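One structure is given below, encoded as structure tokens.
The values are calculated or read from the model by the stated rules, or taken from the named source; none is laboratory data. Every value quoted in this text rests on a predicted model; they were computed, and no experiment measured them. Methodologically, a virtual Cβ is constructed for each residue, glycine included, from the backbone with ideal geometry; neighbour enumeration extends over all protein chains shown. Ligands, DNA and RNA are stripped out before the accessible areas are found, and what is left, the full protein with its side chains, is counted by its heavy atoms. Shrake-Rupley method; radii C 1.70, N 1.55, O 1.52, S 1.80 Å.
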Amino acid sequence: MFAVQETNPQVLEKTVLGGHVSGVGSFQWVLGLADFKNEALDLHAQNGVNPDWEKKVIEYFKEKLKENNAPKWVPSLNEVPLHYLKPNSFVKFRCMIQDMFDPEFYMGVYETVNQNTKAHVLHFGKYRDVAECGPQQELDLNSPRNTTLERQTFYCVPVPGESTWVKEAYVNANQARVSPSTSYTPSRHKRSYEDDDDMDLQPNKQKDQHAGARQAGSVGGLQWCGEPKRLETEASTGQQLNSLNFSSPFDLNFPLPGEKGPACLVKVYEDWDCFKVNDILELYGILSVDPVLSILNNDERDASALLDPMECTDTAEEQRVHSPPASLVPRIHVILAQKLQHINPLLPACLNKEESKTFVSSFMSELSPVRAELLGFLTHALLGDSLAAEYLILHLISTVYTRRDVLPLGKFTVNLSGCPRNSTFTEHLYRIIQHLVPASFRLQMTIENMNHLKFIPHKDYTANRLVSGLLQLPSNTSLVIDETLLEQGQLDTPGTYIDVSLPFLTSFPLKNSENTVYFFSFQADCQIHLQPQLIPPNMEEYMNSLLSAVLPSVLNKFRIYLTLLRFLEYSISDEITKAVEDDFVEMRKNDPQSITADDLHQLLVVARCLSLSAGQTTLSRERWLRAKQLESLRRTRLQQQKCVNGNEL
């Protein structure tokens, strides 16, 4: 199954983990890889594929990854540079699905024939991109024991907007220590699974030339599109790249500008229907960075002109995008994949499991003082405005818990108006938020950005891929839209097409806000006018001192609080539902012109978040009255702001 030839236990352990591993013997369960490989060879030698073996591999890894913090010993592509890892090593990757490509066929089992001894040997194609043959071996594409299977390819990128403290926590938790691997050399000649099959489609002269290249040790061959049933393997499409020009930078298609880290082509072999675009995954699998996926050979580029364009179904641009060099976009062949509820490293990965209940109950027992400290911290960050701090907490723990038709229930976006003018307040407020949430992004709404940035993902039909945009973000990403930098100017057509339903926090200063209403369609659920109690002479110094005054242990409690409360179950009893309905009827009687059904919905959302912020999973009469009080204070503030022609004074 794996390209691991060593049998010495310590050498095998290093090979599977990649690079040089500290603490040899701490990861002994990887030795089972050799057992699975030998067992697989025996099973196939006894005639064909045994599906039980496939299940045993997955179950084996599931069980072993539960032992002795085993996941912490697996090198992560998020933390370890690619050149530190050996090909075919066992790795993990925390990522977002940016795009899903079409399913591809590959040779799950293939047979080779030794040209001298005529001996037949079965090999595995699963978890591989290229066929591995000895110097005298050739693929037997006509063997009845060959098996064609199907797999799905995801294009995955590191989690967009992931906070620095999250990255650092994962780095500190990972115990796999590797150094650059410089001793690895392929032990076999490699060619794509389709290599010999393609030769049958070539003229004799070309076939002879190609065979001569093989004997000289050349890798691969042309990939032809005219066979009766095309075997869509990564190696096949990779070979067609030889005719393409990679002199221009390859777009890794990250949603956010300035993002770093590897993008990967992720090969999934089962249950791929469970995943969708924008899902956050944690993957465990086999790293594939075979040079055959990257080599640009001049002879093959010239010979590629012989391809029949009527037979080839992929465009050159599609080949380029779907099969980039493995040194730039490595491949991961997935053994285990799980969808992550969150990426907060301070919490258990799955909060629904039985073993997580102790952690949750322990934290909930100290929830009240944590909330009080967080409220005080955010009050200082919002320049002494405790009401704005209350609403910011409600916003940060809000989440869409379900959708009714097109209406996202639970969404609670906040517009913070009245920010200090000519100040770096919004920049530093965002920095505070970055220290609290696992993922975030600050979108500066300047005329230039609105005209030139890509906001909405769109389909590129030529390259057959989803071109990412700023708003292609995973769930629960805190999007801070800074309108304080917006000036009057001319918007091009792209700048006027911004219509999203992501939860976000917007901010604009106490000044002409006509542009906010006219130019774009971000619609906040709640507007609160900031009432600063102090304006620091040096905003940066003030915010820095605020952050430095918080103990790291307290800051971690804030982070746990804001993530954990998003996942609490919430309900309203029939008794409280009846009381709320009666209360709303009375409110309508007293003020029929101002109180609408939308106001009731907003009150229910505020009451929900308020209850959860106190650790209460059901609405009480007390929390309902407190929600009404907060909304009354907020509305009173807005009414006190004198407005003339939409301009705040």
Here FRET efficiency (C-beta to C-beta, Gln490 to Glu259, R₀ 45 Å, nearest 0.05) is 0.90
Please report the spacing between the Cα centers of region 90-159 and region 255-278 in Å, no decimals.
20
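Calculate the FRET efficiency for Thr148 and Ile58 from the Cβ-Cβ distance with a Förster distance of 30 Å, rounded to the nearest 0.05.
Numbers: r = 21 Å, r/R0 = 0.70.
The value I calculate is 0.90.
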Pseudo-spin-label distance Gln640 to Lys589, built 7 Å along Cα→Cβ, given in nm, is 3.1
Mean separation of Cα pairs under 8 Å and 6+ residues apart, divided by the residue count of region 400-499: what relative contact order is that in percent?
28
Which order do the peptides 165-172, 390-397, 327-334 come out in when sorted by mean C-beta neighbours inside 10 angstrom, highest first?
390-397, 327-334, 165-172
Using the Kirkwood formula on the Cα atoms of region 547-649, what hydrodynamic radius do you get, in angstrom to one decimal?
16.2
Which sequence of Val121, Val370 reflects their accessible areas, 1.4 Å probe, from the largest down?
Val121, Val370
Taking θ = phi - 60°, what integer Hz values does the Karplus form 6.51 cos²θ - 1.76 cosθ + 1.60 yield along region 553-558, in sequence order, with x for Gly and Pro?
5, 5, 4, 5, 5, 4
Output the pairs from Lys62/Lys126; Lys167/Lys411; Lys55/Lys353; Lys66/Lys276; Lys339/Lys557 with a Cα-Cα distance over 21 Å in this structure; if there are none, say none.
Lys167/Lys411; Lys55/Lys353; Lys66/Lys276; Lys339/Lys557
Loop-only check: which trypsin sites (Lys or Arg not before Pro) in region 366-424 are DSSP coil with at most 13 other Cβ within 10 angstrom?
Arg421
Quick calc: nm separation of the 7 Å Cα→Cβ label points for His458 and Leu600 -> 4.2
In region 64-166, the GluC sites (Glu not before Pro) that fall in loop regions by DSSP, at most 15 other Cβ within 10 Å:
Glu67
